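Colleague: Before we start, here is the structure in question, set down as structure tokens.
The values are calculated or read from the model by the stated rules, or taken from the named source; none is laboratory data. Just so we're clear, the structure is a prediction, and the values are computed from it rather than from any experiment. Positions of Cβ are generated from backbone atoms using ideal geometry, with glycine treated the same way; all protein chains shown enter the neighbour counts. Surface areas here come from the heavy atoms of the whole protein model, side chains and all, with no ligands, DNA or RNA. Shrake-Rupley method; radii C 1.70, N 1.55, O 1.52, S 1.80 Å.
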Amino acid sequence: VDNSIKISYDTLLVTHDMHIEYAQRLAAEIQKIRAARTTGYDNGYSFVRLPADEMMRREIKKIGQEKKALNPALMIVIGIGGSSVGMEAIFHALYGTEYNRTPQTLLVYVADTVDADYLYLLMSMAESLLKQGENILLFVASKSGTTVETVANFSLFLSLLMRYKKQYQEFVVVATDEHSPLWDSANAEGYACFAIPKMVGGRYSVLSAVGLFPLYMLNGDIDAVCAGAEKMTDLCTTLPELQNNPAALRAAFIYALYEQKYTIHTMFLFGRCLKSVGQWYKQLMGESIGKEYNLEGKRVNCGITPVVSVGSNDLHSVAQLYLAGPYNTATTFVSVAHVEHDMCITHQETQKLLLSYLDGKSVHDIMQTILQATMHAYEKNNRPFMHIELPSLSPYYLGQLLQMHMIEMVYLASLLQVNPFDQPNVEGYKQEMRELLMGKQ
Ligand code: PA5
């Protein structure tokens, strides 16, 4: 489709008959996604309307402007799971994994888990900036407002902030469910606070303030991300042709293979800065379709194990397994057609022998050739794959990619007959942890 990410796949894997059958089976679900665009935030499907929510974006810009005026030198994003992986996916894809190592006016770090050594380093960095009279900003994201890691980390950084800033409230921004304990505390203290729509699940919240506020603080184009996501929602609600509906097509591909015992899915991303998109997808797939019971309450122990691989590095590692091991792994290659910076490998006398077949090629040409060769090897070995190609790594195409995967997961869950929006076993673990911390066991 023009002006959109491109998807290619082996048509033998999702045949014409399958197109017709799956399109019929998905028709009701496609209709629900359509309907959710125009109603309020009143059910799990409502995440699709976030990109069109101009009021939300106005609020992000308003609070963002206020906080930019404080000239923070460091922003610490405090959150875990759905409240941090989406933000990291956007951050790394658009700014690169080495952003903080290059000269920047705003450093950005994520405090997710309770890793004492890492947190010590982060606190030392924050304290050193505060001592120099600089400002820091805490962005705390938690839907429930009760997640242990997030509450612990917020408390650490807040104590630090309070030691250096009398008006510490100005340097805290919160995103949480309305009336969560964090919401109440933000209101009592006077922190700027975004409400995450209650029915939008954590792993579907990347296009809410949870993912967009940090991007705005980085001067990112949040309107372009949302425009891309909107365009993708248009495509993914097209009835009934699967070939024009990228999310339904992908769901059909993954489902058809699952039926043939392909119970592992590798997101094989060509580019270091895309790795976090893979990590985000891992949560989305793992939590959305890894289910003990189906929609009828029957025990099914359904699920596909999501794996993240990075090209070309993992070709020198697990590709041996992917090409030679059991026929149980479906692959999605993700690549970018045009990169922002490229370099040519130039000929030098001394390296003549080494460079004979690289001379004159650019680094990106080589990467593209490696990807082509990999796909040929997959074809030869009858290893099923899809290829997603982004025209470029822009906010617009990233918005398309994220929205496509979220809608795809809803369609996949529908084919598998499981609930894409709950995570009862994660909740179970959280409850046990709370009880242990309270000394009840
Ligand atoms: O998808 C989920 O529900 C979880 O992975 C949550 O995102 C994660 O546990 C963080 O929860 P919260 O945003 O409530 O702090």
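Colleague: Under a 5 Å amide H to amide H cut-off, with H placed in plane at 1.01 Å, what residues pair with V77 once short-range neighbours are removed?
Modeller: For V77, whose amide H was placed from the backbone, the distant partners under 5 Å are Y109, V110, A111, F139.
Colleague: Please give me the summed charge of the neighbours of Y22: other residues whose Cβ is under 12 Å from its Cβ, Lys and Arg +1, Asp and Glu -1. Walk me through the intermediate numbers first.
Modeller: On the way: positive: R25, R250; negative: D17, E21, E29, E241, E259.
Computed value for this residue: -3.
Colleague: Still on this structure: GNM, the chain, Cα, under 10 Å: largest mean-square fluctuation among T147, T11, T237?
Modeller: Its mean-square fluctuation being the largest, the pick is T11.
Colleague: Still on this structure, I have one more. Using a 1.4 angstrom probe on heavy atoms only, work out the carbon and sulfur share of the accessible area of the chain in %. Numbers along the way, then the final one.
Modeller: Working: 10760 of 20060 Å².
Carbon with sulfur: 54 percent of the solvent-accessible area.
Colleague: Once amide H atoms are built 1.01 Å from N in the peptide plane, which residues 5 or more positions from S309, or in another chain, come under 5 Å H to H?
Modeller: Hits under the 5 Å cutoff: M267, F268, L269.
Colleague: If you add up the charges near D10, with Lys and Arg at +1 and Asp and Glu at -1, over every other residue whose beta carbon is less than 11 angstrom from its beta carbon, what do you get?
Modeller: Numbers: positive: R383; negative: E379.
My count for the surroundings of D10 gives 0.
Colleague: Related question: Given axes a ≥ b ≥ c from the Cα gyration tensor, I'd like to know whether segment 148-268 is rounded (a/c under 1.5), prolate (a/b larger than b/c) or oblate.
Modeller: On the way: a/c = 2.88, a/b = 2.17, b/c = 1.33.
Verdict is prolate for segment 148-268.
Colleague: If R0 is 25 Å, what FRET efficiency do you get for V318 and D115 from their C-beta distance, rounded to 0.05? Display every interim value, and only then the final one.
Modeller: Values: r = 26 Å, r/R0 = 1.03.
Once the sixth-power term is evaluated, E becomes 0.45.
Colleague: With the dipole of the chain worked out from charges on the C-beta (+1 for Lys and Arg, -1 for Asp and Glu) around the Cα centre, which of T147, Q167, A324 lies farthest toward the positive end?
Modeller: The one lying farthest along the dipole's positive direction is Q167.
Colleague: Let me ask something additional. Take peptides 132-140, 116-124, 276-284 and line them up by average Cβ neighbours within 10 Å, highest first, as a rough protection proxy. Spell out each step's value before the answer.
Modeller: On the way: 132-140: 18.9, 116-124: 12.8, 276-284: 22.6.
Taking the mean over residues of other Cβ atoms within 10 Å, the ranking is 276-284, 132-140, 116-124.
Colleague: Just tell me which lysines come within less than 21 Å, Cα to Cα, of K291; anything on the same chain fewer than 8 places away is out.
Modeller: Filter leaves K261, K282, K430.
Colleague: For segment 187-317, with only Lys/Arg (+1) and Asp/Glu (-1) charged at the beta-carbon, what is the dipole magnitude about the Cα centre, in debye rounded to 20?
Modeller: 420 debye
Colleague: Using a 10 angstrom cutoff on alpha carbons, build the Gaussian network for the chain and name the most mobile of Q104, Q31, Q167.
Modeller: Among Q104, Q31, Q167, the largest mean-square fluctuation in the Gaussian network model of the chain belongs to Q167.
Colleague: So which trypsin sites (Lys or Arg not before Pro) in segment 123-205 pass both tests, a DSSP loop state and at most 12 other Cβ atoms within 10 Å of the Cβ? Show your work: numbers first, answer last.
Modeller: Numbers: sites: K131, K143, R163, K165, K166, K198, R203; in loops: K143, K165, K166, K198.
Taking segment 123-205 and a limit of 12 other Cβ atoms within 10 Å, the loop trypsin sites (Lys or Arg not before Pro) found are K166.
Colleague: Could I ask something else about it? How far apart, in nm, are the 7 Å Cα→Cβ label points at N244 and E21?
Modeller: For the pair N244/E21, the computed spacing is 2.4 nm.
Colleague: In segment 28-124, which GluC sites (Glu not before Pro) fall in coil by DSSP and have 14 or fewer other Cβ atoms within 10 Å?
Modeller: Numbers: sites: E29, E54, E59, E66, E88, E98; in loops: E98.
Counting only loop positions with at most 14 other Cβ atoms within 10 Å, the GluC sites (Glu not before Pro) in segment 28-124 are E98.
Colleague: Turning to a different aspect of this structure: Is segment 86-126 rounded, prolate or oblate when judged by the Cα gyration tensor, a ≥ b ≥ c being the square roots of its eigenvalues, rounded requiring a/c under 1.5 and prolate requiring a/b larger than b/c? It would help to have the intermediate numbers written out before the result.
Modeller: On the way: a/c = 2.72, a/b = 1.39, b/c = 1.96.
Oblate.
Colleague: Need one word for the chain: rounded, prolate or oblate. Basis is the Cα gyration tensor (sqrt eigenvalues a ≥ b ≥ c); a/c below 1.5 gives rounded, then a/b vs b/c decides.
Modeller: On the way: a/c = 1.73, a/b = 1.23, b/c = 1.41.
Taking the square roots of the gyration eigenvalues as a ≥ b ≥ c, the chain is oblate.
Colleague: Calculate how many DSSP beta bridges within the chain are antiparallel, expressed in % of all such bridges and rounded to the nearest 5.
Modeller: Details: 7 of 48 bridges.
Percent antiparallel among DSSP bridges in the chain is about 15.
Colleague: Given +1 on the Cβ of Lys and Arg, -1 on the Cβ of Asp and Glu, and no further charges, what dipole in debye does the chain carry about its Cα centre, rounded to the nearest 20? Present the calculation step by step, with values, prior to reporting the outcome.
Modeller: Numbers: 36 positive and 45 negative charges, 73 e Å.
Around 340 debye, computed over the chain.
Colleague: Treat every Asp and Glu Cβ in segment 134-239 as -1 and every Lys and Arg Cβ as +1, leave all other atoms uncharged, and give the resulting dipole magnitude about the Cα centre to the nearest 20 debye.
Modeller: Details: 7 positive and 11 negative charges, 53 e Å.
The calculated dipole for segment 134-239 is roughly 260 debye.
Colleague: Out of G297, G96, G201, any idea which swings most in a Gaussian network model of the chain, alpha carbons joined below 10 Å?
Modeller: Ranking G297, G96, G201 by mean-square fluctuation puts G297 first.
Colleague: Let me check I've understood the local charge: for M199, count other residues with C-beta under 11 angstrom from its C-beta, Lys and Arg +1, Asp and Glu -1. What total comes out? Write down the numbers at each step before the final one.
Modeller: Values: positive: R49, K143, K198; negative: D42, D177.
Cβ neighbours under 11 Å give a net charge of +1.
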